[in-house]
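Each reported figure results from applying straightforward, stated rules to the coordinates on display, with no laboratory input. Predicted model, so just to flag it, every value in this text is computed and none were measured. So basically every Cβ, Gly included, is an ideal-geometry build from the backbone, and we count neighbours across all protein chains shown.
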Amino acid sequence: MEATVTTNADRAREGQDALEHYESGRAALGRTPADQDEVDLALASAARFGNRERDILITVEVLRADREEAVSVFLDLISGLFHAADGAAPPRLLIDTVLAEETMLPADVLYTWSRLSSVARRYAAFLAAIAKAAVASHDVYAQDLMEEARACFEDEAEEERYNRLNSLRAGA
């Protein structure tokens with residue numbers, strides 16, 4: 001059996017799909033979501049995302065009950081979201097924007113969010129919901145989770161770049 005290769009474009013499509021699933025669930029509420037709504041919507045999107053290439057069926061219940069599986073899905077999802085956001089906003093800006101709510105005064109938080117384009121705000125809003133879900137479900141430290149996903153994103157981007165250049169050299 002031949003191994004399938006997941007490209008960064010694949011990761012970006014999966015991250016974008018998860019974002020759109022989250023946004024459609026949010027729109028279906030017909031109101032501004034409460035914190036618990038954000039958690040539920042993020043978990044539903046993460047479960048849908050997590051069913052790609054996993055050995056077990058990922059459900060919201062699995063994400064709530066199994067810390068190790070949830071963290072793995074959240075890391076992959078956030079990394080995919082960073083791939084989808086590539087070109088709209090760098091991961092560092094998205095992370096800093098999401099974390100601003102924990103460390104800044106409300107006026108500073110508004111300023112931080114205003115620095116993002118409307119497209120980048122969509123990614124940041126979903127990232128904030130994922131962070132809330134990780135904290136609410138398993139008391140995962142959101143900054144560590146996002147930083148680890150950023151490192152994965154950077155490694156994946158660099159690996160693909162290296163492989164592309166190596167292929168060009170081999171063909172020359």
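Residues in the stretch 116-125 that are part of a helix (DSSP H, G or I) and touching a residue at least 12 places away in the same chain (Cβ under 8 Å): VAL119, ALA120, ARG122, TYR123, ALA124. A single member of LEU110, LEU93, LEU116 is of a type outside the set (Lys, Arg) and crowded, with 18+ Cβ neighbours inside 10 Å, and it is LEU116.
The set of residues in the stretch 49-98 that are more than 19 Å from GLU14 (Cα to Cα) and without any contact (Cβ under 8 Å) to a residue 12 or more places away in the chain comprises GLU61, ALA65, ASP66, GLU68. When the stretch 99-115 is filtered for residues that are under 20 Å from MET146 (Cα atoms) and either of a type in the set (Phe, Trp, Tyr) or not in a helix (DSSP H, G or I) (or both), the ones remaining, listed by number, are MET104, TRP113, ARG115. Scanning the stretch 126-160 for residues that are assigned to a helix (DSSP H, G or I), over 14 Å from LEU77 (Cβ atoms) and not acidic (Asp, Glu) yields VAL135, ALA136, HIS138, GLN143, ALA151, ALA157.
Looking across the stretch 125-172 at every residue that is closer than 17 Å to ASP86 by Cα and in contact with a Phe, Trp or Tyr (Cβ under 8 Å, 6 or more places away or on another chain), the one that is surrounded by the most Cβ atoms within 10 Å (Cβ to Cβ) is identified as PHE126.
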